[in-house]
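Q: The structure's right below; bear with me while I get my questions together.
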Amino acid sequence: MKAALAELSPAERTAIVMRHWDGCGIEEIAAVLNSSSNATKNTVFRAVQKLRRALTPFLEGKEARAMGMEG
Amino acid sequence: MKHRTEEELIGYRYGEVKEREFITAHLKECAECREELARIETVFGALDAMPVPDPGEDYGERVWRRIASRLDEKRARWWEAFFVPQRLVALGGVAALVILAFVAGRWTKPQISVTEQTDAAKVRERVLVVAVGEHLGRTEMVLMELENAPERKGQKTINISETQHRAEDLVEENRLYRQTALKEGDRAMVSTLDELERVLLDIANSPEEVTPAAFETIRKRIEAQGILFKVRIVKQGLDERKANPEAKPAESQTKVTERKKV
(Lines give C-alpha, C1' and ligand atoms only; values in the text may rest on other atoms or scores of the structure.)
Protein backbone atom coordinates (compact mmCIF):
# COMPACT_ATOMS: atom_id res chain seq x y z
CA MET A 1 0.00 0.00 0.00
CA LYS A 2 2.87 2.35 0.86
CA ALA A 3 4.45 1.61 -2.52
CA ALA A 4 1.15 2.36 -4.25
CA LEU A 5 0.90 5.70 -2.45
CA ALA A 6 4.47 6.53 -3.36
CA GLU A 7 3.52 6.18 -7.03
CA LEU A 8 1.05 9.07 -6.73
CA SER A 9 2.04 12.61 -7.68
CA PRO A 10 2.23 15.15 -4.78
CA ALA A 11 -1.13 16.67 -5.81
CA GLU A 12 -2.80 13.25 -6.04
CA ARG A 13 -1.41 12.20 -2.65
CA THR A 14 -2.58 15.42 -1.02
CA ALA A 15 -6.01 15.07 -2.64
CA ILE A 16 -6.60 11.43 -1.65
CA VAL A 17 -5.35 11.91 1.93
CA MET A 18 -7.57 14.96 2.39
CA ARG A 19 -10.58 13.31 0.74
CA HIS A 20 -10.37 9.79 2.10
CA TRP A 21 -8.75 10.08 5.52
CA ASP A 22 -9.45 13.68 6.52
CA GLY A 23 -12.96 13.67 5.02
CA CYS A 24 -12.47 17.08 3.35
CA GLY A 25 -14.86 18.24 0.64
CA ILE A 26 -13.80 18.90 -2.95
CA GLU A 27 -13.90 22.68 -2.42
CA GLU A 28 -11.50 22.51 0.53
CA ILE A 29 -9.07 20.31 -1.41
CA ALA A 30 -9.38 22.59 -4.45
CA ALA A 31 -8.42 25.57 -2.24
CA VAL A 32 -5.27 23.83 -1.02
CA LEU A 33 -4.31 22.66 -4.52
CA ASN A 34 -5.20 26.08 -5.95
CA SER A 35 -7.26 24.33 -8.56
CA SER A 36 -10.86 24.25 -9.84
CA SER A 37 -13.46 21.83 -8.44
CA ASN A 38 -13.61 19.81 -11.63
CA ALA A 39 -9.85 19.50 -11.88
CA THR A 40 -9.73 18.47 -8.20
CA LYS A 41 -12.40 15.81 -8.77
CA ASN A 42 -10.22 14.52 -11.61
CA THR A 43 -7.17 14.46 -9.34
CA VAL A 44 -9.05 12.45 -6.66
CA PHE A 45 -10.37 10.09 -9.35
CA ARG A 46 -6.89 9.59 -10.80
CA ALA A 47 -5.49 8.84 -7.34
CA VAL A 48 -8.18 6.21 -6.63
CA GLN A 49 -7.70 4.72 -10.10
CA LYS A 50 -3.93 4.40 -9.61
CA LEU A 51 -4.34 2.88 -6.13
CA ARG A 52 -6.92 0.49 -7.53
CA ARG A 53 -4.60 -0.65 -10.32
CA ALA A 54 -1.78 -1.16 -7.84
CA LEU A 55 -3.90 -2.97 -5.23
CA THR A 56 -6.08 -5.17 -7.44
CA PRO A 57 -3.54 -8.02 -7.88
CA PHE A 58 -3.09 -8.24 -4.09
CA LEU A 59 -6.81 -7.97 -3.35
CA GLU A 60 -7.67 -10.63 -5.95
CA GLY A 61 -4.94 -12.92 -4.60
CA LYS A 62 -6.33 -12.50 -1.09
CA GLU A 63 -9.84 -13.33 -2.30
CA ALA A 64 -8.60 -16.40 -4.18
CA ARG A 65 -6.74 -17.63 -1.10
CA ALA A 66 -9.86 -17.13 1.06
CA MET A 67 -11.95 -19.11 -1.43
CA GLY A 68 -9.34 -21.87 -1.50
CA MET A 69 -9.48 -22.15 2.28
CA GLU A 70 -13.27 -22.35 2.19
CA GLY A 71 -13.12 -25.09 -0.46
CA MET B 1 -27.81 -0.55 -21.65
CA LYS B 2 -25.08 2.06 -21.19
CA HIS B 3 -22.81 1.17 -18.30
CA ARG B 4 -21.57 3.72 -15.77
CA THR B 5 -17.91 4.71 -16.00
CA GLU B 6 -15.34 4.00 -13.29
CA GLU B 7 -15.12 7.76 -12.65
CA GLU B 8 -18.89 8.01 -12.09
CA LEU B 9 -18.88 5.04 -9.73
CA ILE B 10 -15.97 6.42 -7.69
CA GLY B 11 -17.77 9.78 -7.55
CA TYR B 12 -20.94 7.94 -6.51
CA ARG B 13 -19.06 6.17 -3.72
CA TYR B 14 -17.80 9.55 -2.46
CA GLY B 15 -21.27 11.11 -2.88
CA GLU B 16 -20.02 13.62 -5.43
CA VAL B 17 -22.13 12.95 -8.53
CA LYS B 18 -24.97 15.18 -9.62
CA GLU B 19 -27.18 12.42 -11.07
CA ARG B 20 -27.01 10.22 -7.97
CA GLU B 21 -30.59 8.99 -8.27
CA PHE B 22 -30.08 7.88 -11.87
CA ILE B 23 -26.97 5.92 -10.91
CA THR B 24 -28.82 4.30 -7.97
CA ALA B 25 -31.63 3.31 -10.34
CA HIS B 26 -29.12 1.99 -12.89
CA LEU B 27 -27.30 -0.05 -10.24
CA LYS B 28 -30.56 -1.75 -9.29
CA GLU B 29 -30.96 -2.98 -12.84
CA CYS B 30 -27.35 -3.56 -13.94
CA ALA B 31 -25.50 -6.47 -12.35
CA GLU B 32 -22.27 -5.61 -14.18
CA CYS B 33 -22.09 -2.09 -12.71
CA ARG B 34 -23.00 -3.48 -9.27
CA GLU B 35 -20.04 -5.85 -9.53
CA GLU B 36 -17.78 -3.00 -10.63
CA LEU B 37 -18.93 -0.90 -7.66
CA ALA B 38 -18.28 -3.88 -5.36
CA ARG B 39 -14.72 -4.13 -6.73
CA ILE B 40 -14.20 -0.40 -6.14
CA GLU B 41 -15.63 -0.90 -2.63
CA THR B 42 -12.94 -3.54 -1.96
CA VAL B 43 -10.27 -0.93 -2.76
CA PHE B 44 -11.95 1.56 -0.42
CA GLY B 45 -12.08 -1.16 2.24
CA ALA B 46 -8.32 -1.68 1.88
CA LEU B 47 -7.77 2.09 2.18
CA ASP B 48 -9.98 2.27 5.29
CA ALA B 49 -8.01 -0.55 6.90
CA MET B 50 -4.67 1.24 6.69
CA PRO B 51 -3.43 3.99 9.04
CA VAL B 52 -3.56 7.58 7.78
CA PRO B 53 -0.57 7.90 5.43
CA ASP B 54 1.89 10.75 5.17
CA PRO B 55 0.33 13.14 2.63
CA GLY B 56 3.76 14.04 1.24
CA GLU B 57 6.70 16.25 2.12
CA ASP B 58 5.16 19.41 0.67
CA TYR B 59 1.68 18.99 2.19
CA GLY B 60 2.34 21.40 5.06
CA GLU B 61 3.95 23.86 2.69
CA ARG B 62 0.98 23.69 0.29
CA VAL B 63 -1.56 24.31 3.07
CA TRP B 64 0.57 27.06 4.57
CA ARG B 65 0.96 28.85 1.24
CA ARG B 66 -2.79 28.72 0.84
CA ILE B 67 -3.69 30.15 4.23
CA ALA B 68 -0.68 32.46 4.80
CA SER B 69 -2.33 35.40 3.02
CA ARG B 70 -5.43 35.07 5.21
CA LEU B 71 -3.28 35.26 8.36
CA ASP B 72 -1.58 38.53 7.38
CA GLU B 73 -4.08 40.73 9.23
CA LYS B 74 -3.92 38.61 12.35
CA ARG B 75 -0.13 38.44 12.23
CA ALA B 76 0.12 42.23 12.04
CA ARG B 77 -1.36 42.51 15.53
CA TRP B 78 1.22 40.37 17.34
CA TRP B 79 2.82 43.47 18.82
CA GLU B 80 -0.37 44.36 20.67
CA ALA B 81 0.80 41.88 23.31
CA PHE B 82 3.56 44.38 24.28
CA PHE B 83 0.97 46.86 25.49
CA VAL B 84 0.29 44.76 28.57
CA PRO B 85 1.38 47.15 31.43
CA GLN B 86 4.09 44.82 32.83
CA ARG B 87 5.70 44.53 29.40
CA LEU B 88 5.67 48.29 28.78
CA VAL B 89 8.47 48.74 31.34
CA ALA B 90 10.64 46.12 29.60
CA LEU B 91 9.78 47.64 26.24
CA GLY B 92 10.91 51.07 27.47
CA GLY B 93 14.24 49.58 28.52
CA VAL B 94 14.76 47.92 25.16
CA ALA B 95 13.84 51.16 23.35
CA ALA B 96 16.40 53.09 25.42
CA LEU B 97 19.08 50.53 24.53
CA VAL B 98 18.21 50.70 20.83
CA ILE B 99 18.43 54.52 20.83
CA LEU B 100 21.76 54.34 22.67
CA ALA B 101 23.11 51.79 20.16
CA PHE B 102 21.90 53.94 17.27
CA VAL B 103 23.56 57.09 18.58
CA ALA B 104 26.80 55.16 19.31
CA GLY B 105 26.67 53.69 15.82
CA ARG B 106 26.31 57.13 14.24
CA TRP B 107 29.49 58.23 16.02
CA THR B 108 31.60 55.16 15.40
CA LYS B 109 30.48 53.45 12.18
CA PRO B 110 30.28 54.96 8.69
CA GLN B 111 26.87 54.73 7.01
CA ILE B 112 26.21 52.16 4.26
CA SER B 113 26.46 54.06 1.04
CA VAL B 114 23.58 54.39 -1.42
CA THR B 115 25.76 52.65 -4.00
CA GLU B 116 26.11 49.55 -1.80
CA GLN B 117 22.33 49.40 -1.32
CA THR B 118 21.78 49.72 -5.07
CA ASP B 119 24.34 46.98 -5.72
CA ALA B 120 22.49 44.57 -3.39
CA ALA B 121 19.22 45.29 -5.24
CA LYS B 122 20.96 44.68 -8.56
CA VAL B 123 22.37 41.34 -7.40
CA ARG B 124 18.90 40.29 -6.19
CA GLU B 125 17.35 41.29 -9.50
CA ARG B 126 20.05 39.47 -11.45
CA VAL B 127 19.48 36.24 -9.52
CA LEU B 128 15.76 36.49 -10.26
CA VAL B 129 16.40 37.21 -13.94
CA VAL B 130 18.62 34.13 -14.33
CA ALA B 131 16.33 31.80 -12.32
CA VAL B 132 13.11 32.89 -14.06
CA GLY B 133 14.85 32.73 -17.45
CA GLU B 134 15.72 29.08 -16.82
CA HIS B 135 12.22 28.35 -15.51
CA LEU B 136 10.65 29.90 -18.63
CA GLY B 137 13.01 27.85 -20.80
CA ARG B 138 11.77 24.62 -19.18
CA THR B 139 8.14 25.76 -19.47
CA GLU B 140 8.64 26.65 -23.12
CA MET B 141 9.84 23.10 -23.79
CA VAL B 142 6.71 21.56 -22.20
CA LEU B 143 4.37 23.89 -24.12
CA MET B 144 6.24 23.30 -27.39
CA GLU B 145 6.02 19.53 -26.94
CA LEU B 146 2.25 19.83 -26.55
CA GLU B 147 1.80 22.29 -29.41
CA ASN B 148 3.97 20.35 -31.83
CA ALA B 149 2.87 16.84 -30.85
CA PRO B 150 2.14 14.74 -33.98
CA GLU B 151 -1.48 13.93 -34.79
CA ARG B 152 -2.54 10.51 -33.51
CA LYS B 153 -5.81 9.83 -35.23
CA GLY B 154 -5.73 6.03 -34.94
CA GLN B 155 -5.17 6.04 -31.15
CA LYS B 156 -8.09 5.87 -28.75
CA THR B 157 -6.27 7.63 -25.94
CA ILE B 158 -3.01 9.54 -25.48
CA ASN B 159 -0.95 9.23 -22.32
CA ILE B 160 0.24 12.64 -21.16
CA SER B 161 1.36 11.58 -17.67
CA GLU B 162 5.02 12.50 -18.26
CA THR B 163 4.14 16.02 -19.41
CA GLN B 164 1.75 16.30 -16.46
CA HIS B 165 4.44 15.49 -13.90
CA ARG B 166 6.72 18.10 -15.42
CA ALA B 167 3.86 20.62 -15.42
CA GLU B 168 3.23 19.89 -11.71
CA ASP B 169 6.86 20.64 -10.84
CA LEU B 170 6.73 23.81 -12.93
CA VAL B 171 3.57 25.01 -11.11
CA GLU B 172 5.44 24.92 -7.80
CA GLU B 173 8.43 26.81 -9.23
CA ASN B 174 6.15 29.24 -11.01
CA ARG B 175 4.38 30.22 -7.76
CA LEU B 176 7.65 31.00 -6.01
CA TYR B 177 8.91 33.15 -8.89
CA ARG B 178 5.54 34.91 -9.14
CA GLN B 179 5.71 35.84 -5.44
CA THR B 180 9.26 37.12 -5.84
CA ALA B 181 8.36 39.12 -8.96
CA LEU B 182 5.41 40.58 -7.04
CA LYS B 183 7.76 41.71 -4.25
CA GLU B 184 10.13 43.20 -6.83
CA GLY B 185 7.22 45.05 -8.44
CA ASP B 186 7.79 43.52 -11.90
CA ARG B 187 4.17 43.65 -13.09
CA ALA B 188 4.76 42.32 -16.62
CA MET B 189 6.43 39.21 -15.23
CA VAL B 190 3.73 38.71 -12.57
CA SER B 191 1.05 38.87 -15.28
CA THR B 192 2.82 36.32 -17.51
CA LEU B 193 3.57 33.99 -14.61
CA ASP B 194 -0.10 34.29 -13.56
CA GLU B 195 -1.33 33.18 -16.97
CA LEU B 196 1.32 30.51 -17.09
CA GLU B 197 0.18 29.07 -13.75
CA ARG B 198 -3.35 28.65 -15.05
CA VAL B 199 -2.13 26.86 -18.20
CA LEU B 200 0.23 24.61 -16.23
CA LEU B 201 -2.52 23.76 -13.73
CA ASP B 202 -4.80 22.93 -16.62
CA ILE B 203 -2.23 20.45 -17.94
CA ALA B 204 -1.34 19.06 -14.50
CA ASN B 205 -4.98 18.42 -13.60
CA SER B 206 -6.12 16.85 -16.88
CA PRO B 207 -6.72 13.09 -16.85
CA GLU B 208 -3.59 11.02 -17.53
CA GLU B 209 -5.13 9.32 -20.54
CA VAL B 210 -6.92 11.77 -22.83
CA THR B 211 -8.76 11.19 -26.06
CA PRO B 212 -7.21 12.76 -29.20
CA ALA B 213 -10.14 15.24 -29.18
CA ALA B 214 -9.45 16.26 -25.55
CA PHE B 215 -5.74 16.54 -26.34
CA GLU B 216 -6.59 18.80 -29.26
CA THR B 217 -8.73 20.97 -26.94
CA ILE B 218 -5.79 21.42 -24.53
CA ARG B 219 -3.53 22.29 -27.45
CA LYS B 220 -5.98 24.78 -28.92
CA ARG B 221 -6.47 26.44 -25.52
CA ILE B 222 -2.70 26.94 -25.22
CA GLU B 223 -2.60 28.30 -28.76
CA ALA B 224 -5.59 30.61 -28.24
CA GLN B 225 -4.05 32.20 -25.15
CA GLY B 226 -0.83 32.82 -27.07
CA ILE B 227 1.00 31.84 -23.89
CA LEU B 228 3.97 30.33 -25.71
CA PHE B 229 4.46 33.64 -27.52
CA LYS B 230 4.25 35.60 -24.26
CA VAL B 231 6.70 33.24 -22.57
CA ARG B 232 9.16 33.74 -25.44
CA ILE B 233 8.85 37.54 -25.26
CA VAL B 234 9.41 37.64 -21.48
CA LYS B 235 12.26 35.13 -21.80
CA GLN B 236 13.86 37.19 -24.56
CA GLY B 237 13.59 40.29 -22.37
CA LEU B 238 15.22 38.39 -19.50
CA ASP B 239 18.02 37.15 -21.76
CA GLU B 240 18.68 40.76 -22.80
CA ARG B 241 18.67 41.86 -19.15
CA LYS B 242 21.06 39.01 -18.33
CA ALA B 243 23.44 40.14 -21.08
CA ASN B 244 23.03 43.81 -20.23
CA PRO B 245 22.02 44.31 -16.57
CA GLU B 246 21.39 48.04 -17.17
CA ALA B 247 18.61 47.26 -19.69
CA LYS B 248 15.03 48.09 -18.70
CA PRO B 249 12.54 45.29 -17.80
CA ALA B 250 10.48 43.66 -20.59
CA GLU B 251 7.55 45.54 -22.12
CA SER B 252 4.20 45.39 -20.41
CA GLN B 253 1.85 42.54 -21.30
CA THR B 254 -0.64 44.87 -22.97
CA LYS B 255 1.99 46.13 -25.38
CA VAL B 256 3.02 42.57 -26.21
CA THR B 257 -0.58 41.56 -26.88
CA GLU B 258 -1.17 44.66 -29.02
CA ARG B 259 1.93 43.94 -31.06
CA LYS B 260 0.83 40.33 -31.56
CA LYS B 261 -2.54 41.51 -32.91
CA VAL B 262 -0.74 43.70 -35.46
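The values are calculated or read from the model by the stated rules, or taken from the named source; none is laboratory data. Source: prediction; values computed, not measured. Cβ atoms come from the backbone with ideal geometry, glycine included; neighbour counts cover every protein chain shown.
Q: Please go through segment B:14-32 and pick out each residue that is of a type in the set (Lys, Arg) and either within 23 Å of residue B:47 (Cβ to Cβ) or over 38 Å from the mean Cα position of the chain (by Cα) (or both).
A: Selection gives B:20, B:28.
Q: So residue B:205 passes all but one of these: (1) surrounded by fewer than 21 Cβ atoms within 10 Å (Cβ to Cβ); (2) in contact with a helix residue (DSSP H, G or I) (Cβ under 8 Å, 6 or more places away or on another chain); (3) under 20 Å from residue A:30 (Cβ atoms). Which condition number does it fail?
A: (1)
Q: Please tell me if residue B:235 is at pLDDT below 80, crowded, with 17+ Cβ neighbours inside 10 Å and of a type in the set (Lys, Arg).
A: Yes; evaluated as a whole, the condition is true for this residue.
Q: So, one more: Can you pull out the residues in segment B:126-156 that are at pLDDT below 75 and out of contact with any Pro (no Cβ under 8 Å at 6 or more places or on another chain)?
A: B:127, B:128, B:149, B:150, B:154
Q: I've got another one for you. Out of the residues in segment B:39-61 that are assigned to a loop (DSSP other than H, G, I, E, B) and at the interface with chain A (Cβ under 7 Å from one of its Cβ atoms), state the one that is modelled with the highest pLDDT.
A: Looking at residues that are assigned to a loop (DSSP other than H, G, I, E, B) and at the interface with chain A (Cβ under 7 Å from one of its Cβ atoms), I get B:50.
Q: As an exercise: evaluate residue B:110 against (1) out of contact with any helix residue (DSSP H, G or I) (no Cβ under 9 Å at 6 or more places or on another chain); (2) at pLDDT below 70; (3) assigned to a helix (DSSP H, G or I) and give the number of the one condition it does not meet.
A: The failed condition is (3).
Residue-wise test of (1) closer than 17 Å to residue B:13 by Cβ; (2) of a type in the set (Lys, Arg); (3) crowded, with 22+ Cβ neighbours inside 10 Å; (4) more than 7 Å from chain B (Cβ to nearest Cβ).
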residue: A:10; (1), (2), (3), (4): no, no, no, no
residue: A:16; (1), (2), (3), (4): yes, no, yes, yes
residue: A:25; (1), (2), (3), (4): yes, no, no, yes
residue: A:28; (1), (2), (3), (4): no, no, no, yes
residue: A:38; (1), (2), (3), (4): no, no, no, yes
residue: A:48; (1), (2), (3), (4): yes, no, yes, no
residue: A:56; (1), (2), (3), (4): yes, no, no, yes
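Q: Residues of segment B:176-192 being touching a residue at least 12 places away in the same chain (Cβ under 8 Å) and not aliphatic (A, V, I, L, M), which ones?
A: B:177, B:178, B:180, B:184, B:186, B:187, B:191, B:192 - these are the residues of segment B:176-192 that are touching a residue at least 12 places away in the same chain (Cβ under 8 Å) and not aliphatic (A, V, I, L, M).
Q: Oh, and also: Looking at the structure I just gave you, is residue B:25 more than 9 Å from chain A (Cβ to nearest Cβ), at pLDDT 80 or above and surrounded by fewer than 17 Cβ atoms within 10 Å (Cβ to Cβ)?
A: yes
Q: Of the residues that make up segment B:145-155, is at least one in contact with a strand residue (DSSP E or B) (Cβ under 7 Å, 6 or more places away or on another chain) and either away from chain A (no Cβ under 14 Å) or part of a helix (DSSP H, G or I) (or both)?
A: Looking through segment B:145-155, at least one residue is in contact with a strand residue (DSSP E or B) (Cβ under 7 Å, 6 or more places away or on another chain) and either away from chain A (no Cβ under 14 Å) or part of a helix (DSSP H, G or I) (or both).
Q: Of the conditions (1) under 19 Å from residue A:44 (Cα atoms); (2) free of Cβ contacts under 8 Å to residues at least 24 places away in the same chain, residue B:208 satisfies every one except a single condition; which number is it?
A: So residue B:208 meets the others, but not (2).
Q: May I ask you to list the residues in segment A:1-22 that are under 19 Å from residue B:172 (Cβ atoms) and either in a helix (DSSP H, G or I) or β-branched (Val, Ile, Thr) (or both)?
A: Residues satisfying the conditions are A:6, A:10, A:11, A:12, A:13, A:14, A:15, A:16, A:17, A:18.
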